[in-house]
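Okay, so here's the structure we're looking at.
The values are calculated or read from the model by the stated rules, or taken from the named source; none is laboratory data. These numbers were taken from a predicted model, which means no experiment stands behind them. Neighbour counts are summed over all protein chains in view; Cβ atoms, including those assigned to glycine, are modelled from backbone coordinates with ideal geometry. Note: areas computed on protein heavy atoms with side chains; ligands, DNA, RNA excluded. Shrake-Rupley method; radii C 1.70, N 1.55, O 1.52, S 1.80 Å.
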Amino acid sequence: MTTGISATTRASYTAPGSTKAAAGFAGGDFETFLKMLTAQIRNQDPMNPMEGSDFAVQLATFSGVEQQVKTNDLLSQIAGQTGAESLVAYSDWIGRQVRSSGQAHFGDKPLVMDIRHDPMADRVVLVTSDRFGREVTAEDIGAGQGLIEWFGRDATGAKLPEGLYSFAVESYRGDKLLGRTEAATYATVTEVQRSGGKLSFTLEGGATATLDQIDALAAGGSE
């Protein structure tokens, strides 16, 4: 009868009585393994003793379990180091302006955004949505492309309330919609974070952007 041994050792099989050191064991603790092996032999059923091959199977099992545990620990350490290194790599972005899609904070200053539309368009509409995705304005902005300042006015000319907004550019030719794309805005990075293995950037006013939403980095901060 075989008695179970709860242990994590790592070695090739060594016959009882051998004095050869087994450097492959966890921590080099060969004496501990010999004690466990001796205890197991003493508790065998004399009528059905365990064969050497069975011991070898147990050792292989112990080795596999320990190796898996050590591998998981190593991967965790590498992941932690990678995360720390990635934060350091982007630390100099703090205080600089980035161009990103997604939401942007509108407050006392106009937002600077980059307008790109279908070259076949003869009419371009900038659609503004609030933080919940509800459309608040839709205004014709002409067929020009490039940087513009958005002052946040509604259809009556009144200033929109401070908050987070997102923007889309709709390209038309006549009454036909040619396409709709996100309008990128410029904002200053105030913090770099790593959560769940992913980097995110906190922008002025509380907006956030992921790395895949950022496509440009300006030379300096906002004026």
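Only one residue in T208, T185, T202 is more than 20 Å from the chain's Cα centre (by Cα) and polar (S, T, N, Q), so which one is that?
The unique qualifying residue is T185.
Has region 168-183 got any residue that is in contact with a Gly (Cβ under 9 Å, 6 or more places away or on another chain) and among the aromatic types (F, W, Y)?
no
From the list T128, T202, T156, T181, which residue is modelled with pLDDT of 95 or more and of a type in the set (S, T, Y)?
When all the criteria are applied, what remains is T128.
Spot the failing condition for G205; the list is (1) open to solvent by 30 Å² or more (accessible area, probe 1.4 Å); (2) touching a His at 6+ places or on another chain (Cβ under 9 Å); (3) outside any helix (DSSP H, G or I); (4) not hydrophobic (A, V, I, L, M, F, W, C), and only one is missed.
Of (1) open to solvent by 30 Å² or more (accessible area, probe 1.4 Å); (2) touching a His at 6+ places or on another chain (Cβ under 9 Å); (3) outside any helix (DSSP H, G or I); (4) not hydrophobic (A, V, I, L, M, F, W, C), only one is false for G205: (3).
Considering only residues that are in contact with a helix residue (DSSP H, G or I) (Cβ under 8 Å, 6 or more places away or on another chain) and over 16 Å from M113 (Cα atoms), look in region 177-192 and name the one that is surrounded by the fewest Cβ atoms within 10 Å (Cβ to Cβ).
Once the filter is applied, the top-ranked residue is T190.
Tell me, which strands (runs of 3 or more DSSP E) wholly within region 134-199 include 1 or more residues that are more than 30 Å from A89 (Cβ to Cβ) and charged (D, E, K, R)?
Answer list for region 134-199: 135-140, 146-150, 163-173, 176-182.
Given the criterion exposed (fewer than 15 other Cβ atoms within 10 Å of the Cβ), without any contact (Cβ under 8 Å) to a residue 40 or more places away in the chain and over 27 Å from the mean Cα position of the chain (by Cα), identify the matching residue among G142, G133.
Result: G142 is the single residue among G142, G133 that is exposed (fewer than 15 other Cβ atoms within 10 Å of the Cβ), without any contact (Cβ under 8 Å) to a residue 40 or more places away in the chain and over 27 Å from the mean Cα position of the chain (by Cα).
Quick check on my filter: what residues within region 115-130 are in a loop (DSSP other than H, G, I, E, B), open to solvent by 60 Å² or more (accessible area, probe 1.4 Å) and in contact (Cβ under 8 Å) with a residue 40 or more places away in the chain?
R116, M120, D122
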